Amino acid sequence: MAALDFLNKSFFSPRFMLPLHLVQLLLISVAMGLSVPRLFMKNQPRTRANTIALGMGGKSLILLMYQLLSEYSRPFQRWHSFKANAIINCLEVVFWGAVAFLVMQANLKRCSGISCYLSWGVVGLAIVLNISMSYTAAIAIRQYREFKARRNGTDAHADRERGSSCSMVALRSTDTKA
C-alpha cells in the first residue's frame, strides 16, 4: 500500500490522539453551545441548518466518548476496535463537512442579527472540526494498519525500514508457509 506510506511519518503518531480528542470535545461542545440559542430566538425560523450542529454534535460526543472510554477505561476496553475507530473517524470528516456546507448555504440565503453571528461561528467551528477530524482519521488508519500488521505476525517498523509495505510482507509470509 504505497499510497498510504505517508501515514508512517511521525506527524501521524498515535500519541497525538488523546490531546486531539480533548480539543475536539471542547470544539464540539462550543459548536453545540452556539446552536442552542439560535433555537430560542424570537422571529427566527427553526430550520435544518439551525439544528444540524446539535444533531451532529450529539452524535460526535457519543462516538468520541466511545473512543475515549474504550481506549483508556479498563471496564470498556473489551469493546475497543481499531477498525471501528478508523471508520468512525473517517465518517466524522464527512459529517462535519456537511455541517459546514449546510449552515454556510443557509447563511448565504438569509442571515441577520445575532443569529447570523452565531451561525458563522458554527461554520468556522465546523471547518476546524473537519480539519481536525481528517487528522484524527489519518492517525486512526495508521493505528489500524499497524494493528493488522502485528496481528498477521509482521513487524510494521522493520517493514518500513526495508521499504516494503505491510500487506506485501504479510502476503509473502503466507506464501512461504504453504
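Under 12 Å from a point 7 Å along the Cα-to-Cβ line of residue 81: which residues of the range 15-30 have their amide N that close? Answer for the range 15-30: none. Taken one residue at a time, the phi angles of the range 47-52 give Karplus couplings (6.51, -1.76, 1.60, θ = phi - 60°) of 10, 4, 5, 6, 9, 5 Hz. Gly and Pro are set to x.
Each other residue within a Cβ distance under 15 Å of residue 118 adds +1 if Lys or Arg and -1 if Asp or Glu, for a net charge of +4.
Readers should treat all values here as calculations from the given coordinates under stated rules, not as data from a laboratory. As the structure is a prediction and not an experimental result, all values here were calculated from the model. Positions of Cβ are backbone-derived with ideal geometry, glycine not excepted, and every protein chain shown enters the neighbour counts.
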